Amino acid sequence: MCDEATDPLRLIEWGLATMPLQGQAVSGDSYIIKPFQKGILMAVVDGLGHGYEAAQASKIATATLDTYAHESIIPLVRRCHEALKGTRGVVMSIASFNLLDKTMTWLGVGNIEGILLRRDVNAVSSRKSLLLRGGFLGYQLPPLKESVIPVLAGDTLIFVTDGIRSGFEKVINLSNKPQQIADSIMAQFNRGTDDALVLVVRYI
């Protein structure tokens with residue numbers, strides 16, 4: 001019988017919208033959702049610039065995350081930094097759900113915005129924003145500090161790259177499915193001047 005230990009992905013639903021810069025065949029923005037024992041890793045990566053070289057840097061980052069998804073956030077980010085030396089580098093926002101204690105650990109390097117929207121809008125804090133630290137992996141890694149916050153059923157995590165304008169969280173309808181939310185953000189807030197990606201993950 002399937003349970004959360006053997007199939008952690010059954011505890012989330014998610015949606016993705018992505019669009020390369022007009023005129024480019026590939027996007028430098030990428031993502032990963034990777035289950036591991038007792039947890040799920042989620043990350044969005046933006047290769048510096050756009051086009052093939054940006055996409056290659058993103059691919060190296062996501063491949064590293066895929067291999068070491070079970071590790072703690074800070075060592076994992078450092079692994080990516082080492083793997084990306086000699087490339088254009090990337091910015092990254094990363095989160096890990098711990099299914100045992102129902103917490104999320106997250107960290108951001110660069111400018112990939114992250115928010116957690118609470119299902120209970122009457123909670124003391126109905127929205128948490130990811131603290132972003134300057135720098136980028138592969139070249140300039142800042143001091144790393146993760147944050148750990150509790151998550152409850154219905155809480156929704158959203159990562160967007162800098163191809164998405166700010167303010168998107170004000171028009172989100174949490175009664176919609178994650179894919180609907182991702183598509184709506186892309187349709188309304190895509191700058192059109194860079195690669196763009198929206199990842200929406202709901203803890204169910």
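For (1) of a type outside the set (A, V, I, L, M); (2) in contact (Cβ under 8 Å) with a residue 12 or more places away in the chain; (3) crowded, with 19+ Cβ neighbours inside 10 Å, each residue gets a yes or a no:
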| position | (1), (2), (3) |
| --- | --- |
| Leu76 | no, yes, yes |
| Gly110 | yes, yes, yes |
| Leu116 | no, yes, yes |
| Asp120 | yes, yes, no |
| Leu132 | no, yes, no |
| Gly135 | yes, yes, no |
| Pro143 | yes, no, no |
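Taking the stretch 145-170 as the search range and keeping residues that are closer than 15 Å to Ala187 by Cα and β-branched (Val, Ile, Thr), which one is surrounded by the most Cβ atoms within 10 Å (Cβ to Cβ)?
In this case the residue turns out to be Val160.
Would you check if there is a residue in the stretch 134-141 being over 22 Å from Leu16 (Cα atoms) and in contact with a Ser or Thr (Cβ under 8 Å, 6 or more places away or on another chain)?
yes
Find the residue count for the stretch 29-71, including only residues that are in contact (Cβ under 8 Å) with a residue 40 or more places away in the chain, of a type outside the set (D, E, K, R), in a loop (DSSP other than H, G, I, E, B) and more than 20 Å from Asp162 (Cβ to Cβ).
Selection size over the stretch 29-71: 0.
Specify the residue that is nearest to Val201 (Cα to Cα); the eligible residues are those in the stretch 155-166 that are in a loop (DSSP other than H, G, I, E, B) and out of contact with any helix residue (DSSP H, G or I) (no Cβ under 7 Å at 6 or more places or on another chain).
Per the criteria, the residue is Asp155.
Throughout, read-outs are computed from the coordinates displayed, never taken from laboratory work. Nothing here was measured: the structure is a model prediction, and the numbers come from that model. Neighbour counts run over all protein chains shown; Cβ positions are idealised from the backbone, glycine included.
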